[in-house]
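Enquirer: Before I ask anything, let me first share the structure, which is written out below as structure tokens.
The values are calculated or read from the model by the stated rules, or taken from the named source; none is laboratory data. What you see is a predicted model, and the numbers here were worked out from it, not measured in a lab. Here Cβ is always computed from backbone atoms with ideal geometry, including for glycine, and neighbour counts include all displayed protein chains. For the accessible areas, the whole protein counts, side chains as well, though only heavy atoms, and no ligand, DNA or RNA atoms are used. Shrake-Rupley method; radii C 1.70, N 1.55, O 1.52, S 1.80 Å.
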Amino acid sequence: MRAAVVPALGAPLEIRDLPIPAPGPGQVLVRMQTSGVCHTDIHAAHGDWPVKPAPPFVPGHEGIGIVERVGPGSPDSGAVRQVGDRVAIAWLGSACGRCAYCISGRETLCEAQHNSGYSVDGAYAEYAVADERFVVPVPDAVSSRDAAPLTCAGVTTFKAIKVAGVAPGERVGVFGIGGLGHLAVQYARIVGGIVTAVDVTDEKLRLATELGADHTVNARTTDPVAAIRDLGGVDVAVALAASPQSFEQAFSSLRRGGRLVCVALPAEGTMQIPIFDTVLGGISVIGSIVGTRQDLADVFALHAAGRTRVIAETRKLDDINTIFGDVLAGRVPARVVLQF
Ligand code: ZN
Ligand code: ZN
């Protein structure tokens, strides 16, 4: 099978011909149809974060495909998925299922988790093996092209809006309109938020308006904090841009009682937060990491019901290094989806 492999951290990816992996106990072999390109894959290939993946590895955690083989049943679950099922392979490749986080519905916090395309090979390949309990079925009404970005960008922003507890009529600032941001705008609208989109390109802001944003601010030409304060501030600020400065602007845009939801993971990740304003303003700072299998099922259900739109362009696996360059330069509409 053809796969895009990270040969060494920081090196360009190589398209290699690898043997089709065999599913072990409790695993399925998935023949990939589409695979979304997430900024995290670029961080993985560059080794940007404190916990680094071990090359060679195959990135990708927005994989959609058909179960082609089922491995021998795992001792505790038996076969959950059938040959022919269309499933999503997400960032949460597996979790232990037994720890306090797993049994309290917080499996994304499991300390024994494996992550697709990071600690186990991911979806930039014609085939991938995955834990059958952690792949999520894709409803018929959701195309494989749309399902891919929903599998990380969708579920991650859905969860961010959920943990922020946005109430109808509250003001929501979405900082960064890309793969994640274009969906965050829509989830904030679904729960009744009044949305201000912040980005540095007019094209992305036009997209945000098209998707329902009530206000837009170009942070390259306007001070977003002043602009949002002129609008009365926001109750929730979702930080999706991989820039510590953007996190600080998001914090400073909050009204009293506001919540900052931290989602992006800048390579250089420290922000300065004034203690005085945090205490007097009753501000909450929340970290939100992807979403659970149930969150992803909810994301698919919303899309199947026609509540969200996915903006993406499809490209080929061979173009992966050019695609990474285009993503870093902001030259892609919202998301790139590899089509196999
Ligand atoms: Zn991702
Ligand atoms: Zn666990």
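Enquirer: Any idea which residue in the range 214-242 is farthest from the chain's Cα centre (by Cα), counting only those that are among the small types (Gly, Ala, Ser) and under 24 Å from Lys162 (Cβ atoms)?
Expert: Step one: list which residues in the range 214-242 are among the small types (Gly, Ala, Ser), which gives 219, 226-227, 232-233, 237, 239, 241-242.
Among the residues that remain, those that are also under 24 Å from Lys162 (Cβ atoms) are: 232-233, 237, 239, 241-242.
On the way: Gly232: 29, Gly233: 26, Ala237: 17, Ala239: 13, Ala241: 12, Ala242: 13 Å.
This residue is Gly232.
Enquirer: Taking the range 304-340 as the search range and keeping residues that are of a type in the set (Lys, Arg) and touching a residue at least 24 places away in the same chain (Cβ under 8 Å), which one is nearest to Ala241 (Cα to Cα)?
Expert: Restricting attention to the range 304-340, the residues satisfying the condition of being of a type in the set (Lys, Arg) are 307, 309, 315-316, 331, 335.
So of that shortlist, the ones also touching a residue at least 24 places away in the same chain (Cβ under 8 Å) come out as 307, 309, 315, 335.
Details: Arg307: 24, Arg309: 21, Arg315: 24, Arg335: 14 Å.
If we take residues in the range 304-340 being of a type in the set (Lys, Arg) and touching a residue at least 24 places away in the same chain (Cβ under 8 Å), then Arg335 is nearest to Ala241 (Cα to Cα).
Enquirer: Another one. Is it true that some residue in the range 74-96 is under 17 Å from the mean Cα position of the chain (by Cα), under 23 Å from Gly36 (Cα atoms) and more than 16 Å from ligand 1 (Cβ to nearest atom)? Walk me through it before giving the result.
Expert: Applying the first criterion (under 17 Å from the mean Cα position of the chain (by Cα)) to the range 74-96 yields 87-94.
Keeping just the survivors that are under 23 Å from Gly36 (Cα atoms) gives 87-94.
This time we only want the ones that are more than 16 Å from ligand 1 (Cβ to nearest atom), so: 87, 94.
Yes, the conditions are met somewhere in the range 74-96.
Enquirer: Tell me the residue from Ala125, Ala184 that is over 25 Å from Gly257 (Cα atoms), more than 16 Å from ligand 2 (Cβ to nearest atom) and buried (at least 21 other Cβ atoms within 10 Å of the Cβ), please. Don't jump to the end; show me each part of the working.
Expert: Values: Ala184 fails: over 25 Å from Gly257 (Cα atoms).
Among Ala125, Ala184, only Ala125 is over 25 Å from Gly257 (Cα atoms), more than 16 Å from ligand 2 (Cβ to nearest atom) and buried (at least 21 other Cβ atoms within 10 Å of the Cβ).
Enquirer: Mind telling me which of the residues Ala297, Ala267, Ala312, Ala329 ends up being of a type outside the set (S, T, N, Q), open to solvent by 30 Å² or more (accessible area, probe 1.4 Å) and at pLDDT 95 or above?
Expert: Working: Ala267 fails: at pLDDT 95 or above; Ala312 fails: open to solvent by 30 Å² or more (accessible area, probe 1.4 Å); Ala329 fails: at pLDDT 95 or above.
Every option except Ala297 fails the conditions.
Enquirer: Please find, among Ala130, Ala147, the residue that is outside the structural domain of Ala22 (by TED's automatic domain parsing) and either part of a loop (DSSP other than H, G, I, E, B) or of a type outside the set (D, E, K, R) (or both).
Expert: It is Ala147.
Enquirer: I'd like to know if the range 272-294 contains one or more residues that are away from ligand 2 (no atom under 16 Å from the Cβ), under 30 Å from Pro139 (Cα atoms), hydrophobic (A, V, I, L, M, F, W, C) and outside the structural domain of Trp49 (by TED's automatic domain parsing).
Expert: No, because not a single residue in the range 272-294 is away from ligand 2 (no atom under 16 Å from the Cβ), under 30 Å from Pro139 (Cα atoms), hydrophobic (A, V, I, L, M, F, W, C) and outside the structural domain of Trp49 (by TED's automatic domain parsing).
Enquirer: Also: Return the residues of the range 15-41 that are surrounded by fewer than 18 Cβ atoms within 10 Å (Cβ to Cβ) and under 22 Å from the mean Cα position of the chain (by Cα); say none if nothing qualifies.
Expert: Within the range 15-41, just Arg31 meets the criteria.
Enquirer: Another question about this same structure. If Ile323 satisfies every condition in (1) surrounded by fewer than 16 Cβ atoms within 10 Å (Cβ to Cβ); (2) part of a helix (DSSP H, G or I) but one, which is the exception?
Expert: Among (1) surrounded by fewer than 16 Cβ atoms within 10 Å (Cβ to Cβ); (2) part of a helix (DSSP H, G or I), Ile323 violates only (1).
Enquirer: Quick check on Val166: is it outside the structural domain of Ala334 (by TED's automatic domain parsing), open to solvent by less than 10 Å² (accessible area, probe 1.4 Å) and not in a strand (DSSP E or B)?
Expert: Spelling it out, it is not the case that Val166 is outside the structural domain of Ala334 (by TED's automatic domain parsing), open to solvent by less than 10 Å² (accessible area, probe 1.4 Å) and not in a strand (DSSP E or B).
Enquirer: Here's a follow-up. Kindly evaluate Pro72 against the criterion of being in the same structural domain as Arg315 (by TED's automatic domain parsing), open to solvent by 10 Å² or more (accessible area, probe 1.4 Å) and more than 16 Å from ligand 2 (Cβ to nearest atom).
Expert: It is true that Pro72 is in the same structural domain as Arg315 (by TED's automatic domain parsing), open to solvent by 10 Å² or more (accessible area, probe 1.4 Å) and more than 16 Å from ligand 2 (Cβ to nearest atom).
Enquirer: Still on this structure, I have one more. Since Asp235 meets every condition but one in (1) under 23 Å from His39 (Cβ atoms); (2) acidic (Asp, Glu); (3) modelled with pLDDT of 95 or more, which condition does it not meet?
Expert: Status for Asp235: all satisfied but (1).
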